[in-house]
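A.B. asks: My structure is below; once you've seen it, I'll send some questions.
No lab work stands behind these numbers, since they all come straight from the coordinates. Everything numeric here is computed off the predicted structure, so don't read it as measured data. All Cβ positions, glycine included, derive from the backbone under ideal geometry; neighbour counts span all protein chains shown.
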Amino acid sequence: MTKYRQCLLKLFSVFPSLFNSFSISQQKRLQKELLALQNDPPPGMTLNEKSVQNTITQWIVDMEGASGTLYEGEKFQLLFKFSSRYPFDSPQVMFTGDNIPVHPHVYSNGHICLSILTEDWSPALSVQSVCLSIISMLSSCKEKRRPPDNSFYVRTCNKNPKKTKWWYHDDTC
């Protein structure tokens, strides 16, 4: 048994209340995705294992910009928060930490304008597919710039990006 799996089992035995609002199938889904991300992460992504030591419903994924892109060598962090409705409801996903990528679909507060995080979410998607979409979004960017409404949005938005009614109007990045 891997050290990580032992840690995960200990977490569940010590903190059973972490899952009080989650059904058995939801718990299994989160466990399966957590192990998949730990054992076979998308390129440039690693699970920050400290982030899951006390809770399974909030993960931090460390990310490095892909080689040959505008973000090559840059390091970012993604925060995933799972509600009791996951996987029927998308996770809340945003960039966090000291380095938020400058990108036309990423606001300076870390919110990400990406349709699969809201209206195009499907329970068939996973944390890994979200990570791959974000890698792809950053890798295809041709110019580092903030969204045109960044200042207004950051001043007026909810802390939870899932409460934003996004307007998807740009497929060029």
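A.B. asks: Setting aside same-chain residues fewer than 8 positions from Lys28, which aspartates and glutamates have a Cα under 20 Å from its Cα?
C.D. replies: Cross-link targets: Asp40, Glu49, Asp89.
A.B. asks: Something else about it: Can you flag which of Lys32/Lys144; Lys32/Lys159; Lys50/Lys162; Lys81/Lys144 are past 30 Å Cα-Cα?
C.D. replies: Correct reply: Lys32/Lys144.
A.B. asks: While we're on this one: Quickly rank 34-41, 100-107 as a protection proxy: mean count of other C-beta atoms within 10 Å, highest first.
C.D. replies: Working: 34-41: 15.2, 100-107: 20.4.
My ranking of the peptides, most packed first, is 100-107, 34-41.
A.B. asks: Right, here's the next one. What size of dipole, in debye to the nearest 20, comes out for region 65-123 about its Cα centre when the only charges are +1 on Lys and Arg C-beta atoms and -1 on Asp and Glu C-beta atoms?
C.D. replies: Roughly 160 debye, rounded to the nearest 20.
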